[in-house]
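Accompanying notes for the structure given below.
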């Protein structure tokens, strides 16, 4: 079956078709995020639809104008209230929105953090779907009372394409309202939100058929009305499918705007700190756990932009940075540009320490690469504690093209880094999921790509020592951030 995968992310939609297990050309169409006030982050859900089908139309045309199916990979946790006709009542509240701090605190008063983790696998925060739902009820009661459904990205798109509001468990768990014990909506979360389950989308397995394209959607996509729409998957689990983390013990390091280390597990992990997001995998009978650094590639991109290197090719940045590790032994970058929560449940801001007059922009760029690798290394003991330590890392995404960054990851983590020939793992995973519909998942044969990176004894020892100093300094960097009002 020729299936078009569509990845609807934070900034754009991308689409490509799977042909014989390989992706065709990738087409992209962007959209914006609005920031209408302090902490607010909103998007137009109809822009998702237009961009998704615009990119899908081009992908279909590139393959002769035909496809038998569509399947989505989507960002998770956005809130879209719609009326009885499926029309949005306001812009979508993005997962980046932090207006619901008070509501998150109220949720933690109603149920302890430990109990939230045990039931839903997530502790409510200002960015959480459930917190946003309470904020909507309190701050926009007119919208809340008029809403027929409260949707996320995947189910809104499924509704627009087929008339059915359906999502899968990987996206449902990103709302913080899914009971991981049953795979259905958590009754206590519904009670706190003041809604019944009929106000939320139906939960169906990833990859099952949702329906056929409506006449309007078919026209917008340039496809036949009998084109099948398959239930999609959260983008990180789509990366897991596309990058080969489909058996217990396998892990994918997805290196995009955020860096996410996702491991497939045979059982549901209970991670008491909340640092790992644990839940259902896209494939039946399988579970997953992932650790995210919000500003992964964004850390390097930001650094290059602020230091005047944004126009320099990555290959040149790598060459200039490659011989500076020893010189930079005392330079530490704590990469919390997105306000991550590295310790004690408190948000932290980025810190750069150890600068000298003989250092320049390339030294800071190298420190940024090292910092993200250090954050990945911080996660490994969490996986190991639960018997889910990976034996190797499959690195996918734009940063996998950097031999220097891959080498740093290998030596910091002590794990071999494999870089297959797949730059669009989420797209490949979503399209392959649809292409396998009704036949059972068939593993994707990833083509050999860039050279694998093995840890080196000398560089590994250097980075183990620097990682130890990084970890020792972390509480001080966090304290400095909090003292400064971060």
Exercise. Looking at residue 414, is it over 18 Å from residue 247 (Cα atoms) and surrounded by fewer than 16 Cβ atoms within 10 Å (Cβ to Cβ)?
Worked result: yes
For this session: Considering only region 158-269, give the helices (runs of 4 or more DSSP H) lying wholly within it that have at least 3 residues that are touching a helix residue (DSSP H, G or I) at 6+ places or on another chain (Cβ under 7 Å).
Result: 187-193, 215-221, 235-243
For this session: Could you please let me know if residue 108 is within 17 Å of residue 434 (Cα to Cα) and either touching a helix residue (DSSP H, G or I) at 6+ places or on another chain (Cβ under 8 Å) or outside the structural domain of residue 225 (by TED's automatic domain parsing) (or both)?
Result: no
For this session: Mind listing just one residue for me: the one in region 21-42 that is assigned to a strand (DSSP E or B) and out of contact with any helix residue (DSSP H, G or I) (no Cβ under 9 Å at 6 or more places or on another chain) and, of those, surrounded by the most Cβ atoms within 10 Å (Cβ to Cβ)?
Result: 42
Problem set entry | Selection within region 368-391 - assigned to a helix (DSSP H, G or I) and farther than 20 Å from residue 461 by Cα | 382, 383, 384, 385
Exercise. Which of (1) part of a loop (DSSP other than H, G, I, E, B); (2) surrounded by 24 or more Cβ atoms within 10 Å (Cβ to Cβ) does residue 123 not meet, given it meets every other one?
Worked result: (2)
For this session: Please verify whether region 416-430 includes one or more residues that are touching a residue at least 12 places away in the same chain (Cβ under 8 Å), within 23 Å of the chain's Cα centre (by Cα), part of a loop (DSSP other than H, G, I, E, B) and closer than 27 Å to residue 352 by Cβ.
Result: no
For this session: Pull up region 47-58, narrow it to residues that are touching a helix residue (DSSP H, G or I) at 6+ places or on another chain (Cβ under 9 Å) and within 21 Å of residue 231 (Cβ to Cβ), then point me to the one that is surrounded by the fewest Cβ atoms within 10 Å (Cβ to Cβ).
Result: 49
For this session: Give 118, 146 a once-over and let me know the one that is in the same structural domain as residue 210 (by TED's automatic domain parsing), modelled with pLDDT under 95 and surrounded by fewer than 16 Cβ atoms within 10 Å (Cβ to Cβ).
Result: 118
Seminar exercise, completed: Over region 395-415, the set of residues more than 21 Å from the chain's Cα centre (by Cα) and either more than 17 Å from residue 366 (Cα to Cα) or not assigned by TED's automatic domain parsing to the domain that holds residue 375 (or both) is 414, 415
Exercise. Among 8, 18, which is the only one that is in the same structural domain as residue 158 (by TED's automatic domain parsing), crowded, with 16+ Cβ neighbours inside 10 Å and closer than 23 Å to residue 127 by Cα?
Worked result: 8
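Looking at 241, 223, 286, 269, which is the one that is in contact with a strand residue (DSSP E or B) (Cβ under 9 Å, 6 or more places away or on another chain) and buried (at least 24 other Cβ atoms within 10 Å of the Cβ)?
Result of the check over 241, 223, 286, 269: 241.
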For this session: Check region 297-315 and report whether any residue there is closer than 30 Å to residue 98 by Cα, part of a strand (DSSP E or B), assigned by TED's automatic domain parsing to the domain that holds residue 378 and in contact with a strand residue (DSSP E or B) (Cβ under 8 Å, 6 or more places away or on another chain).
Result: no
For this session: Taking residue 27 as the residue in question, decide whether it is free of Cβ contacts under 8 Å to residues at least 40 places away in the same chain and under 28 Å from residue 225 (Cα atoms).
Result: yes
Exercise. For region 7-20, which residues satisfy the criterion of being more than 23 Å from residue 449 (Cα to Cα) and in contact with a helix residue (DSSP H, G or I) (Cβ under 6 Å, 6 or more places away or on another chain)?
Worked result: 8, 13
Exercise. Is one or more of the residues making up region 433-454 without any contact (Cβ under 8 Å) to a residue 60 or more places away in the chain, closer than 26 Å to residue 334 by Cα, touching a helix residue (DSSP H, G or I) at 6+ places or on another chain (Cβ under 8 Å) and in the same structural domain as residue 250 (by TED's automatic domain parsing)?
Worked result: yes
Problem set entry | Matching residues, region 91-115, being assigned to a loop (DSSP other than H, G, I, E, B) and surrounded by fewer than 17 Cβ atoms within 10 Å (Cβ to Cβ) | 112
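The values are calculated or read from the model by the stated rules, or taken from the named source; none is laboratory data. Because the structure is a prediction, the values reported are computed rather than measured. When we count neighbours, we look across all protein chains shown, and the Cβ atoms used for this are built from the backbone with ideal geometry, even at glycine.
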